1. With the requirement that a residue be out of contact with any Gly (no Cβ under 7 Å at 6 or more places or on another chain) and either within 23 Å of Trp334 (Cα to Cα) or open to solvent by 10 Å² or more (accessible area, probe 1.4 Å) (or both), what does region 51-67 give you?
2. Is there any pair linking a residue in region 228-253 that is without any contact (Cβ under 8 Å) to a residue 12 or more places away in the chain and more than 20 Å from Asn171 (Cα to Cα) to one that is part of a strand (DSSP E or B) and of a type in the set (A, V, I, L, M), with Cβ under 6 Å and at least six apart or on different chains, and which?
3. Which one is farthest from Pro163 (Cα to Cα), of the residues in region 240-273 that are part of a helix (DSSP H, G or I) and open to solvent by 30 Å² or more (accessible area, probe 1.4 Å)?
4. Need the failing condition index for Leu318 against (1) surrounded by fewer than 17 Cβ atoms within 10 Å (Cβ to Cβ); (2) assigned to a loop (DSSP other than H, G, I, E, B); (3) under 16 Å from the mean Cα position of the chain (by Cα); (4) not aromatic (Phe, Trp, Tyr), just the number.
5. Exactly one of these conditions fails for Glu88: (1) open to solvent by less than 20 Å² (accessible area, probe 1.4 Å); (2) under 14 Å from Thr262 (Cβ atoms); (3) part of a loop (DSSP other than H, G, I, E, B); (4) not aromatic (Phe, Trp, Tyr). Give me its number.
6. Please specify each residue of region 274-303 satisfying the condition of being touching a His at 6+ places or on another chain (Cβ under 7 Å) and surrounded by fewer than 24 Cβ atoms within 10 Å (Cβ to Cβ).
7. (1) surrounded by fewer than 16 Cβ atoms within 10 Å (Cβ to Cβ); (2) at pLDDT 95 or above; (3) within 20 Å of the chain's Cα centre (by Cα): which one isn't true of Asp216, the others all being true?
8. Quick test of your reading of the structure: Ala199 fulfils all but one of (1) assigned to a helix (DSSP H, G or I); (2) under 22 Å from the mean Cα position of the chain (by Cα). Name the failing condition by number.
Amino acid sequence: MQEKRVARSALVAAGIVLASTLAACGGDDNASESADKIVLADGGGTFGEAAAEAIYKPCGEELGLEVEVVPYDYSVGQIKAQVQGPQEWDVVSLGAFLTDEDAASILAPIDTEIVDREGLNDALLFDYWVPYDITVIGLGHNTDKIKGEPSTWADLWDVESFPGRGTLEKNAVNYNLELALLADGVAPADMYPIDYDRAFKKLDELFEAREMMFYDSGTTLVQQYQTATAVIGSAWGGRFHQAAAEGAPVSMSSEGAIQAFTSWAVLKTAPQTENAMRFINCAISAERQAAFIEAFPGEAPVNSAAFDLLPAELRDALPAPDDPNILNSSVKYWAEEFDTATERWNQWLAKHGG
């Protein structure tokens, strides 16, 4: 999901005001305190453009709010700097792993009197943030080079049936360990706590059986598959859908997929806390969720009611929200374990040329 962190394209045409921090723009120091405006930080790119079209502009119009968009890099450090410094931002698009203790120092608790979370399953209920997008991580392949239809993670290990170089996301230690365990027969309900020894042993087997490489961005991901530098491996639903629509020979299976979340959070120092909560309530409604998926196909909605509003071709390509074979990657687990896992991953990666 590094694609969500690329520089923002111009969004003026979408009716959204794009700015850096108000101080950098030389704006009115009190502008963010206007009762009819919220300041929202996201990572830009095609993902941000789709959110502007499907969520920011219509929610702003519905609520009578100006939604001012500012770019940031999805880092906790930049959020902390905002809380400790200018205190201008209201809402951030959150992709980081945070414990509740860490979140309490920089984020406001979600006001459930304002934010209606009906339609969100138990895996999507948190105290300090509300998921608004699900990135579907599945098994991808080059349709020109791979004969047949590989569909489960175990097929990535099946070199005889599906020969060729494979690829994994370099910086996704959590998803790589999870997909290795899924391939080894671990059920999603039994995933946590992660059995590190079993997961790394399974990955060792993959690298012994198949020549492997890594990608570190959505652009690199698509290039590897499109040029057949790699022909099978992990993939992101949104990017693969976009690439296929543009004629690339790529396909992705959502069978046994991993679902990763991007969330909305309200800063502890938000000038417009109530309006920020109202915005989030609008953004996770079934109507806005369905509109976002239509604007950025291949992602999945967090609100189960949105599935009924999607065109059949988009709905049928996504995992069913109640599918027990789908793994909702645990934000809370990885908030506690990510540093430990990353240290071991980096050691393993060094042995395999990553």
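The values are calculated or read from the model by the stated rules, or taken from the named source; none is laboratory data. Nothing here was measured: the structure is a model prediction, and the numbers come from that model. Quick reminder, even Gly has a Cβ in these numbers, built from the backbone with ideal geometry, and neighbours come from all protein chains shown. These area figures cover heavy atoms from the full protein model, side chains too; ligands, DNA and RNA do not enter into them. Shrake-Rupley method; radii C 1.70, N 1.55, O 1.52, S 1.80 Å.
1. If we filter region 51-67 for residues that are out of contact with any Gly (no Cβ under 7 Å at 6 or more places or on another chain), which is where we start, we get 51-56, 58-65.
The answer is Glu53, Pro58, Glu61, Glu62, Leu63, Gly64, Leu65.
2. Ala244/Val250
3. Here is the first cut: in region 240-273, the ones part of a helix (DSSP H, G or I) are 240-245, 273.
Adding the requirement that they be open to solvent by 30 Å² or more (accessible area, probe 1.4 Å) leaves 241-242, 244-245, 273.
Working: His241: 23, Gln242: 25, Ala244: 22, Ala245: 25, Thr273: 54 Å.
Here the residue is Thr273.
4. (1)
5. Among (1) open to solvent by less than 20 Å² (accessible area, probe 1.4 Å); (2) under 14 Å from Thr262 (Cβ atoms); (3) part of a loop (DSSP other than H, G, I, E, B); (4) not aromatic (Phe, Trp, Tyr), the lone unmet condition for Glu88 is (2).
6. First, the residues of region 274-303 that are touching a His at 6+ places or on another chain (Cβ under 7 Å): 297-298.
Result: Pro297, single match.
7. All conditions pass for Asp216, except number (2).
8. (2)
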